[in-house]
Amino acid sequence: MKQPSPEKTETGADGREIDVEAVLRGDHAAFEQLVRQESPRLFRLILRFVRDDEEARNVMQETFLQAFKRLHTFRRESKLTTWLYAIGINQARAAVRKKRRYTTLEEQDIERLQPAFAQGMYVDRYEAWNPQQVAERSERSRLVHEAIEQLPDTYRTVVVLRDLEGLSTAEAAAVLEISEGAVRVRLHRARQALRALLDKYFR
Amino acid sequence: MNLLDQLRHVFKRPLMCEDVNHFLALYLEGALDPKTHARFEGHVQRCPNCNTFLDQYRQTVELVREDEIADPPPELIELTLAFLRKHLENGQNDAG
Ligand SMILES: [Zn+2]
């Protein structure tokens, strides 16, 4: 069996060190520090899924509880925070599955929103965008937010992890338990779908 | 076949808009080797449609990055810690 090199500490979402060893020993103070450091990012990730503050709070609390109970299952194949986000996203998915109230685009819609090519050239002719002139900042933010909300979960998570939370391709792949190639493809398709959704407002 | 393997095939023929699109994310990240990067850059400079598309793609990413949502209120952390203490104490009593 290959032993991954154990990291004794790692950097949390707020840039401060997390004492991974102490957390794994079940040290309550170290776990408390993990809760303090990772709550904001974990809350944002969960809220993107469940879209309800109250529910996001519950899911986040449950995520930390599950994480603490399952510390012995952490295999050091990823960062501790990556493992924590994966638990959070799975908990959020389960919560959303129970009561789906929002319609998102389907896989075939994402396909339809990709640019079309003929003989290697774009079929459409693109017009320059000028979002600053077209819409007020608040209106722009609303349009962009709504477009992101329309993405299917599989695409929205990748956009949130990579473009909004700034995780690397490797980290996002570890959180979602998919390959780095799949992260790249989904991110590109998601961005192209967003581009197509926003095109009518910004040109 | 991964993206970088696909890239090797692109070298054997003239670069098309579709190739540029396919590797757009890597190109923007600066993840292509310098020679390929220069080749992509050359195409985008000569091809107005690719240029406009690339600009829209870039703006999309920038607009997405502005879509921040608020952090949780500070009291949520204290509530979460209280929740954990309660459940972990109960859990220890229930176990077995
Ligand atoms: Zn072109």
Relative contact order (%) - chain A, alpha-carbon pairs under 8 angstrom, separation at least six: 20 percent
Within a Gaussian network of chain A (alpha carbon springs, distance under 10 Å), most fluctuating of A:Val23, A:Val183, A:Val158: A:Val23
Relative contact order, percent, segment A:9-98 [alpha-carbon distance under 8 Å, six or more residues apart]: 29 percent
Shape category assigned to segment A:14-91 from the gyration tensor of Cα positions, a/c cut at 1.5: prolate
Positive-end extreme of charge dipole, the protein assembly as shown - chosen from A:Ile89, B:Leu15, B:Gln59 (charges on Cβ): B:Leu15
Chain A: most fluctuating residue of A:Glu21, A:Glu171, A:Glu136 per GNM, C-alpha cutoff 10 Å: A:Glu136
Within chain B: Cβ-based charge dipole about Cα centre, in debye rounded to nearest 20 (Lys, Arg +1; Asp, Glu -1): 780 debye
FRET efficiency, A:Glu77 to B:Asp5 (Cβ-Cβ, R0 22 Å, nearest 0.05): 0.30
Approximate spin-label separation B:Asp71-B:Lys35, in nm, with each point projected 7 Å along Cα-to-Cβ: 4.8 nm
Max mean-square fluctuation residue, GNM over chain A, Cα-Cα springs under 10 Å, options A:Asp153, A:Asp53, A:Asp124: A:Asp124
Distance (nanometres) between label positions extended 7 Å along Cα→Cβ at A:Glu21 and B:Glu78: 3.3 nm
Calculated FRET value between A:Glu146 and A:Gln66, using beta carbons and R₀ = 35 Å, to 0.05: 0.65
Cα-based Lys proximity count in chain A, under 27 Å, for pairs eight or more positions apart or on separate chains: 7
Residue range of chain B that is longest and free of GluC sites (Glu not before Pro) which are both DSSP loop and sparsely packed (at most 12 other C-beta within 10 Å): B:1-65
Label-point separation in nm, A:Thr103 to B:Asn51, each point 7 Å along Cα→Cβ: 4.1 nm
Total formal charge among the other residues, if their Cβ is under 13 angstrom from that of A:Val59, Lys/Arg +1 and Asp/Glu -1: +3
Nearest-0.05 FRET efficiency for A:Arg112 and A:His28, computed from C-beta distance (R0 45 Å): 0.30
Within 10 Å of each Cβ in B:22-34, the average number of Cβ atoms from other chains: 2
Overall form of the protein assembly as shown per C-alpha gyration tensor (a/c, 1.5; a/b vs b/c): prolate
Formal net charge of residues neighbouring B:Pro14 (Cβ-Cβ distance under 13 Å; K, R +1; D, E -1): +2
Amide H contacts of A:Thr9 (H built 1.01 Å from N, under 5 Å, at least 5 apart or other chain): A:Val20
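Each value in this text was obtained by applying a stated rule to the coordinates, not by laboratory testing. All of these numbers come straight from a predicted model, not from anything done at the bench. Because the Cβ atoms are built from the backbone with ideal geometry, glycine has one as well, and the counts that use them run over all protein chains shown.
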